[in-house]
Amino acid sequence: MPLGTRDDFGSERYAGVLYAGAHSGSSTSAEYLVQDAQELGYDFVVLPLRTGQREIAEEERNGLSHEDHGDHRDDGSVVPPMTPATYLHTMISGSVSNRIVGLVSETADCKQLLMEMEWAAHLTCQACIVPMHASLPVPFLAQTLSAFLHGSGATTSTWVRIRAERRARAPGGKDGTKSSWHAWNEIRMHCEHHRNLGLVLDVAAGDGLEDVAENLRDGLMGEPLKAVIVSSAHPQGDVVCEMALGRGLQVIVDARRDDGGYMTPEDLRAMRMRLSHVLHSRPVLDEEDILEMPYRDFLQAPLQPLQDNLESQTYETFERDSPKYVAYEEAVFQALREKNNIDGVVVDDGDDGDDGDGDADVEVCVVGAGRGPLVSAVLRASVRADQPVRVVAVEKNRNAIVHVMARSRAEGWDMGRVTIVHADMRRWTPTKRDKAGGSTTEPYLADILVSELLGSFGDNELSPECLDGAQRFLRPGGWSIPTSYASYLSPVTASKVWSEVAARDAAITVGSIKNLETPFVVRLYEYREIDAPQRMFEFSHPGAEGPAAASSPEHNDREASDVTFVNQKPYPVVCHGFAGYFTAALWGDVQLSIHPASHTEAMYSWFPIFFPVRTPFTVDAGAEVKMSMFRRSSSTKVWYEWAVQEPVALPIANPGGRSYYVGL
């Protein structure tokens, strides 16, 4: 649940104020601090969980060491497990506690650290911030965090606080200390990339903008970065805030001043106004951004159009993607013009099909017609090319057929030239129509086969298998739109997406890997490519082997082995899986693509596909990632298997299609 969403900030933008020690020892209540912050325009407060140093010193003067917390006194009474900050002594309501982020003390040892985090969970604080302890070895800190995340903190977000620094630093300094990112990376590895474990970037006044920009704009892209702590004294604080708000991060204003004092209410209000100005100066979202926003980093199971009948809403979403159908119309237009230019007459098969203008009709078969948008595109192309066509629309979904019929009436199709067929293209045995519109015993053969059976990985919705079957009724020398398509993969850092996948397995049973062996369609948003995509599999239509190839299930099996990527960044990154894309050649120079380097402008029908790895791994600067992928099939299903070979060897994912497959 987001922290204090503001109407004027939108659904992803928040602002908080950090009162680190500002009220320690006072009788100010948490309710008052939250109310005070809200009146100043902030959504939440960051408060120390433990009492201030003065109170600890007073306890020690009275002979009570913090190591004694939780023990019994000589008279049998219990020493409180910890001494919380004064303002947290009182009972606070849930409406207040979920606007509090707890701040763990920097001097806490493992025992005290766990107590403070458990106190935050007890209060149902929305999150707690844990500083990177210089005196606490990373394995000790990681073990304590792991115990909390898998125990009482299972529903509490825990954010590790690190400083902005250059990621190109070596893993260890001359004194043996780790850079903050390497320490964080070790912690999250030990904690198994727990979905509630996140990062807070502390941007102190002395941090250079170059270091901050490297972290916010690139270095921490794809990492579980939740918030940025910024000082009002930072010389380029507005730029920092703009970068943070641009990523949908929470901005926490540190109320401490350089002179040891604290910002006045007027200063805090002025800082809040600066944040608001920065936010409202950002460009307005365009229509594409608005449409895709609910899908950002949201997992979707790939469609199984052969096994399942799609819902009307799914068709409607696809049909709103006008750039796709503009491209198909242009491809059909170019194909019709090219056919007409071969010898002036498209075909001469004994049925002149002449409409009086001397040009023979071109037989176009639309397979997988859905609710009819491709048929409309073909008819528009026919008018543009001044080339009459006869269209056969084949669709297996009986519900979609109802829509096609309604569309034909609404758009005034000439039903003497459009035939609608309810059939599976792989098993349909068509016969030719006579001039009266009836059937003959002569087999029907199309001049052009048009389809939109592509998935996010090109072939993952079984376009090869479907078109192999449909090639039976394509005239020898006939054409297919698309003519070919290819799939691509690139390794990515995508902590949020991977954590969501892993959480699905955790919800099934301990040790389940079903979802970690399943590809998901997802509009990747918080991610970063480690290297550019490389080609994996390619298919061309019509197949050179002819229709007989469809009888062999292994005909469309493919493999791409020892595919090598290189981390081009000057710092190490973590690989959470592989992002998949496709490109398709429709006809001539008309292309469709979701490849990042050639993405069709404004097209959103297809999001990338994400192939997770079972265990994320670190890739050093300049190091290689070597992997292999296999497309396999049987008489009933098609599936993918993938494996990482370097820099670590991981088990082959989805062997035999045990976790995921596409049904034939």
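Counting other Cβ atoms within 10 Å of each Cβ, which GluC sites (Glu not before Pro) in the stretch 551-657 have at most 14 and sit in a DSSP loop?
Counting only loop positions with at most 14 other Cβ atoms within 10 Å, the GluC sites (Glu not before Pro) in the stretch 551-657 are Glu601.
Read phi for every residue in the stretch 471-486 and hand back ³J(HN,Hα) as whole Hz from Karplus 6.51 cos²θ - 1.76 cosθ + 1.60, θ = phi - 60°, with x for Gly and Pro.
Rounded to whole hertz, the list is 5, 4, 10, 9, 4, x, x, x, 10, 10, 10, x, 8, 6, 7, 9.
Given H placed 1.01 Å from N in the peptide plane, which residues other than close sequence neighbours of Asp321 have an amide H under 5 Å from its amide H?
none
Sort the stretch 588-664 into rounded, prolate or oblate with this rule: let a ≥ b ≥ c be the square roots of the eigenvalues of the Cα gyration tensor; rounded if a/c is under 1.5, and if a/c is not under 1.5, prolate when a/b is larger than b/c, oblate otherwise.
Taking the square roots of the gyration eigenvalues as a ≥ b ≥ c, the stretch 588-664 is oblate.
Roll a 1.4 Å probe over the protein heavy atoms and report the accessible area of Thr124 in Å², nearest 10.
80 Å²
How much length would be gained if the chain were fully extended between Thr509 and Ser281, taking 0.36 nm per residue of separation minus their Cα-Cα distance, in nm to one decimal?
Full extension from Thr509 to Ser281 adds 77.4 nm.
Find how many whole Å separate the alpha carbon centroid of the stretch 464-494 from the alpha carbon centroid of the stretch 516-541.
Using only Cα atoms to place each centre, the spacing works out to 17 Å.
Pro647: net charge of surrounding residues, Cβ under 12 Å, Lys/Arg +1, Asp/Glu -1, itself excluded?
Within the 12 Å Cβ shell, the charges total -2.
I'd like the accessible area for Ser552: 1.4 Å probe, protein heavy atoms, all chains in place, Å² to the nearest 10.
50 Å²
Among Lys396/Lys637; Lys226/Lys324; Lys514/Lys637; Lys339/Lys637, which pairs are too far apart, with a Cα-Cα distance over 29 Å?
Violating the 29 Å limit, Cα to Cα: Lys226/Lys324; Lys339/Lys637.
Which order do you get for Thr615, Thr483 if you rank them by accessible area with a 1.4 Å probe, largest at the top?
Descending order: Thr615, Thr483.
By accessible area of protein heavy atoms, probe 1.4 Å, what ranking do Thr155, Thr419 get, highest first?
Thr155, Thr419
Pop out the ³J(HN,Hα) list for the stretch 624-633 in order, Karplus 6.51 cos²θ - 1.76 cosθ + 1.60 with θ = phi - 60°, rounded to Hz; leave Gly and Pro as x.
Whole-Hz 3J(HN,Hα) from phi for the stretch 624-633: 9, 10, 10, 9, 9, 9, 10, 9, 10, 8.
Quick check on the stretch 470-573: take the gyration tensor over C-alpha atoms, sort the square-rooted eigenvalues as a ≥ b ≥ c, and tell me if it's rounded (a/c under 1.5), prolate or oblate.
prolate
The values are calculated or read from the model by the stated rules, or taken from the named source; none is laboratory data. Remember, predicted model here, so these are calculated numbers, not experimental data. Every residue, glycine as well, gets a Cβ built from its backbone with ideal geometry; the counts of neighbours run over all protein chains shown. Remember, those area values only see protein heavy atoms, side chains included, never the ligands or the DNA or RNA. Shrake-Rupley method; radii C 1.70, N 1.55, O 1.52, S 1.80 Å.
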